[in-house]
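Read-outs throughout are calculated quantities, based only on the coordinates presented, and are distinct from any laboratory measurement. Since the structure is predicted, the reported quantities are computational estimates derived from the model, not experimental observations. Here the Cβ positions follow ideal geometry from the backbone for every residue, glycine too, while neighbour counts run over all protein chains shown.
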Amino acid sequence: MKEHKFMYDIIGVGIGPFNLSLAALLEDQPEINALFFEQTETFNWHPGMLIEGTVMQVPFIADLVTMADPKSKYTFLNYVNEHERMYQFYFLQRLDIPRREYNDYCQWVANDINSCKFGSKVEDIRHSEEGEDHYIIDIMNVESGEQERYRSKHIVMGTGSVPTMPQSFQDLPNEDVFHTAEFLSHQERCRRAKSISVIGSGQSAAETFRELLKEQCEFGYRLDWITRSGFASMEESKLSLEHFSPDYVDYFYQLPQKQKEEVFASQDLFYKGISNHTITDIYNLLYENSIGTNEVNVSLRVLSEVENIRRKEDGISYEINCLHTEKKERFTLDSEVVIAATGYKPYVPEFIHNLTSLLRWDEEGRYKVLGDYRLDKTKETSNEIYVHSGISHTHGVGSTNLGLAVHRNKVIINHLMGREIYKIPEKNVFQTFDV
């Protein structure tokens, strides 16, 4: 194993939008030596859902740097300018941008930052008290298998989330039964199917269903959408959006943990609903497809909970066993392809458990997080672990919202530098959440 003796100030685990934002902002802080590692070969943000026509759910100003430094060369507007598309964007007259363009923008930034190392998997992290206290980070080059060891005063975790699948879905052929996160790579399989079922009720389910509905007339499959909760619109009013602000994060953080759980559970429509324009698109497609026949080969099954699925004896299709949640009656649907829009969960790498004795954990087995995004530790040490992932239980509904990424990194950088590099305004919204 190759050992690097140099002591970095901070090493990042994972390069998604949050850590990429931090890397971009640290480019203007030459006194900080930083490295960021990502096991995939290139930056790719939810590649299975980069469907043509899908847009970001935050305005373009919520890019990697603008909310901290509008003069940075890594702003989205500079990306547009560098690609000689400024007039096209000007005439577009939109705040939201295509999801594929956001991904391309992030790739443009990642390719320009030398501290971002792709194809490098973090395999282990340990805390060392030999000499100057620090973290030891073991890296494996994904292509060559070669291992390297790095040292850093601090760590920042940005490991994101992973798709979740119900237990009865997990042992079935992935070609036929898969998560929406893999939709684009399975789109050709969908086009060959005689029947497709989408299970779930959020934005990913809606975008997948919309794309399938666009192509249904051409490929002729039956299309079912099964949801337990119905097709609820995301809460997108201006004052409701203020819940995705530093002010609300600070208010939520100081609530007792039991109350946090109750409040968070009541806020589904802030982040789990379907955007109004997506619902409008779907309804318009249903209407268009019904012209001349008054019916479409589509079933929208609400109040329907999928209990399990199993492969049928014909080896071609799957039996989806459902429960109507109000009538308490069971029914069955058959489908050749089943697409699960069953959400994501925070990815906590296995190696984090090597730091168990250093970290404080709650009764649910989740790490405790301080208000400034540091993990709470069991002993005094100057070595911090900052965290972007898995903090909804402490910081609430905006924890995964891209509009708060830059604010979080401003807080992290100020703490890391020991002084105010970026001003943190005390009042950002019109509402007052606290007394």
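In table form, for the structure just shown:
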quantity	calculated
Rg(Cα)/(2.2 N^0.38 Å) for region 115-207, N = residue count	1.64
Placed amide H near Gly12: partners under 5 Å, 5+ positions off or other chain	Leu35, Phe36, Phe37, Val156
Percent of beta bridges antiparallel (DSSP, the chain, rounded to nearest 5)	50
Relative intensity, log₁₀ I(q)/I(0), of region 311-379 from a Debye sum that treats every alpha carbon as a point, q = 0.20, 0.21, 0.26 Å⁻¹	-0.88, -0.94, -1.24
Folded to 0 to 90 degrees: helix 99-112 orientation relative to the chain principal axis, Cα	20
At 1.002 mPa s and 20 °C, Stokes D of region 232-297 from Kirkwood alpha-carbon radius, µm² per second	147
In sequence order, calculated HN-Hα J values of region 70-84 (Karplus, 6.51, -1.76, 1.60; Hz; x Gly/Pro)	x, 8, 5, 6, 9, 5, 4, 4, 5, 4, 4, 5, 5, 8, 6
Counted charge near Arg192, where neighbours are those whose Cβ lies closer than 13 Å (Asp, Glu -1; Lys, Arg +1)	-3
Dipole magnitude of the chain about its Cα centre (Cβ charges: Lys, Arg +1; Asp, Glu -1), debye to nearest 20	420
Rh by Kirkwood over Cα pairs, then Stokes-Einstein D for region 219-332 at 1.567 mPa s and 4 °C, µm²/s	73
Percentage relative contact order, the chain, counting C-alpha pairs under 8 Å, at least six apart	20
Residue order, fewest to most beta carbons within 10 Å, for Trp108, Trp225	Trp108, Trp225
Ranked Ile352, Ile61, criterion: other C-beta atoms within 10 Å, fewest first	Ile61, Ile352
FRET E, pair Lys368, Arg94, Förster distance 41 Å, beta-carbon r, rounded to 0.05	0.50
Placed amide H near Thr342: partners under 5 Å, 5+ positions off or other chain	Thr180
Mean projected area in nm² (Cα convex hull; one quarter of hull surface) for region 83-160	8.0
Nearest-ten-degree value, helix 405-417 long axis tilted from longest Cα axis of the chain	20
Net charge, Phe118 excluded, C-beta distance under 9 Å - Lys, Arg +1, Asp, Glu -1	-1
Region 94-175: GluC sites (Glu not before Pro) falling in loop per DSSP and having at most 15 other Cβ within 10 Å	Glu129, Glu130, Glu132, Glu143, Glu146, Glu175
Ellipsoid equivalent to region 1-142 - semi-axes via the Cα gyration tensor, in Å	33, 17, 11
Values of log10 I(q)/I(0), in the order q = 0.12 Å⁻¹, for the chain under a Debye, Cα-only, solvent-free model	-1.12
Angle between the chain longest axis and helix 203-219 axis [Cα atoms, degrees, rounded to 10]	40
Projected area averaged over orientations for region 117-160, convex hull of C-alpha atoms, nm²	3.5
Charged-residue dipole, Cβ positions (Lys, Arg, Asp, Glu), region 322-398 about Cα centre, Debye nearest 20	160
Cα-based reach from Lys258 at 21 Å (exclusive), listing lysines while leaving out same-chain residues under 8 positions away	Lys345, Lys368
Binned Cα-Cα distances of region 1-61, short to long, each 10 Å bin given as a whole percent	17, 39, 30, 10, 4
Surrounding net charge for Pro98, when Lys and Arg each add one and Asp and Glu each subtract one, Cβ distance under 15 Å	-3
Sites matching trypsin sites (Lys or Arg not before Pro) across region 367-434 that sit in DSSP coil, with at most 10 neighbouring C-beta atoms within 10 Å	Lys379, Arg419, Lys423, Lys427
Gyration tensor (alpha-carbon) shape descriptor, region 52-93, a/c threshold 1.5	oblate
Region 1-38-region 49-71 distance, computed between alpha-carbon centres (Å)	22
